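Before any comments, here is the structure.
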Amino acid sequence: MLDKIIYNTVLSQTLSPCGKYLVAGNIYGQLAVFDLDNIFNPVIELLTSEFNKPKHIHTLESGSQVCSLVSTKKFLVVGTVNQILGWDWKSLGHSKLGKPAWNITIRPRSLFENCDINSLWCSEDEEKIYAGCGDNKIYVHNLEDGRLVNSYEGHSDFVHCVHGNGKQIISSGEDGLVLLWDTRTKKSHNKIEPHRNSKVQRHDIGKWVGAAALGNDWIICGGGPRLSLWHLRSLDVVTVFDLPDNGIHVAFFHDDCVFAGGVSKHLYQLSYSGDIRVELPVSATTVYSAVLRTNPRKVLSIAGSSPEIDLCTTFNYRDQVLHFR
């Protein structure tokens with residue numbers, strides 16, 4: 001158990017729709033459920049020891065790592081190995097997790113291969129779940145009945161990230177591609193190859209793109225190539241961010257800021273022009289997950305290669321350090 005504590009790595013997080021729970025998933029197939037009400041308003045007698053630890057730790061029956069998490073109004077959706085599982089949020093408050101409400105199996109290309117569900121994104125109407133997977137594909141399932149609606153093929157290596165905005169989807173992968181998809185035509189209509197751009201490429205780190213996100217007019221992406229901002233219509237690189245990282249795993253837009261992290265001891269908040277607004281120290285040596293919510297409470301949670309999870313309510317500094325142990 002000592003080794004698990006030392007080498008715990010948190011790959012994914014999500015917040016419940018009500019804002020009461022933070023759920024984090026690790027490489028050991030565990031889901032830690034933190035009660036944010038108790039963390040922000042701790043009972044005095046628990047203040048010294050227990051308030052910043054999980055209310056419950058659930059272990060997946062398969063024992064497979066928790067690669068990705070996303071929440072809908074009703075379900076906690078868990079991406080693991082070969083499976084996407086859904087639990088009703090109401091069941092998360094119990095000491096025993098129980099069986100999932102539904103289970104989608106992603107079948108690998110052969111019996112001897114496994115398919116990690118590396119990234120999950122839920123459509124804004126919460127009707128479809130998009131899964132970026134280790135078999136180089138993006139699968140689209142209907143959330144109501146689990147039916148496979150479509151699969152997108154265009155990557156030649158495993159998909160790291162999938163994200164959407166309206167009728168458009170973006171994905172990034174180990175192959176160095178950032179692909180744009182139209183959900184109406186179900187085809188990739190544009191692509192970016194950051195590793196081929198002399199301003200962005202970092203040959204010593206690699207061509208993989210670990211994170212990509214869509215804004216209304218912009219794309220943010222990074223990985224082996226430097227974190228960079230691209231104009232959505234022209235696909236020209238507008239800003240190349242000068243960060244002391246060795247790989248990007250997290251990148252997203254919030255208000256007029258870019259949030260980004262990876263192989264660095266900081267999570268960065270950046271202006272579109274490239275200025276570092278906040279350089280937030282974090283517990284992990286590599287950031288694999290950052291989730292942000294402004295309603296019903298303002299909270300930013302940052303996790304990665306550490307059993308410690310950093311919790312911020314102002315987005316400028318750490319208010320709390322949670323312990324996944």
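The values are calculated or read from the model by the stated rules, or taken from the named source; none is laboratory data. Predicted model only: the values in this text are computed from it and were never measured. Here the Cβ is made from the backbone with ideal geometry for all residues, glycine too, and neighbour counts use every protein chain on show. Keep in mind that these areas ignore ligands, DNA and RNA; they rest on the heavy atoms of the full protein, side chains included. Shrake-Rupley method; radii C 1.70, N 1.55, O 1.52, S 1.80 Å.
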### Query
Out of (1) of a type outside the set (Phe, Trp, Tyr); (2) part of a loop (DSSP other than H, G, I, E, B); (3) under 19 Å from residue 142 (Cβ atoms), what's the single condition that is false for residue 129?
(2)
### Message
I need the full set of residues from region 282-296 which are open to solvent by 60 Å² or more (accessible area, probe 1.4 Å) and within 16 Å of residue 316 (Cβ to Cβ), in order please.
### Response
294
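Matching residues to (1) assigned to a helix (DSSP H, G or I); (2) open to solvent by 40 Å² or more (accessible area, probe 1.4 Å); (3) modelled with pLDDT of 95 or more; (4) touching a strand residue (DSSP E or B) at 6+ places or on another chain (Cβ under 6 Å):
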{"residue": "49", "(1), (2), (3), (4)": "no, yes, no, no"}
{"residue": "53", "(1), (2), (3), (4)": "no, yes, no, yes"}
{"residue": "69", "(1), (2), (3), (4)": "no, no, yes, yes"}
{"residue": "109", "(1), (2), (3), (4)": "no, yes, no, no"}
### Task
Run down 207, 199 and say which single residue is open to solvent by 30 Å² or more (accessible area, probe 1.4 Å), farther than 17 Å from residue 246 by Cβ, of a type outside the set (A, V, I, L, M) and not in a strand (DSSP E or B).
199
### Query
Which residues, counting only those in region 146-192, are open to solvent by 70 Å² or more (accessible area, probe 1.4 Å), of a type in the set (D, E, K, R) and outside any loop (DSSP other than H, G, I, E, B)?
153, 187, 191
### Query
Of all residues in region 233-247, which are free of Cβ contacts under 8 Å to residues at least 40 places away in the same chain and either part of a strand (DSSP E or B) or touching a strand residue (DSSP E or B) at 6+ places or on another chain (Cβ under 7 Å) (or both)?
236, 238, 239, 241, 243, 245
### Message
Among the numbered criteria (1) more than 18 Å from residue 232 (Cα to Cα); (2) at pLDDT 95 or above; (3) surrounded by fewer than 14 Cβ atoms within 10 Å (Cβ to Cβ), which one does residue 217 miss?
### Response
(1)
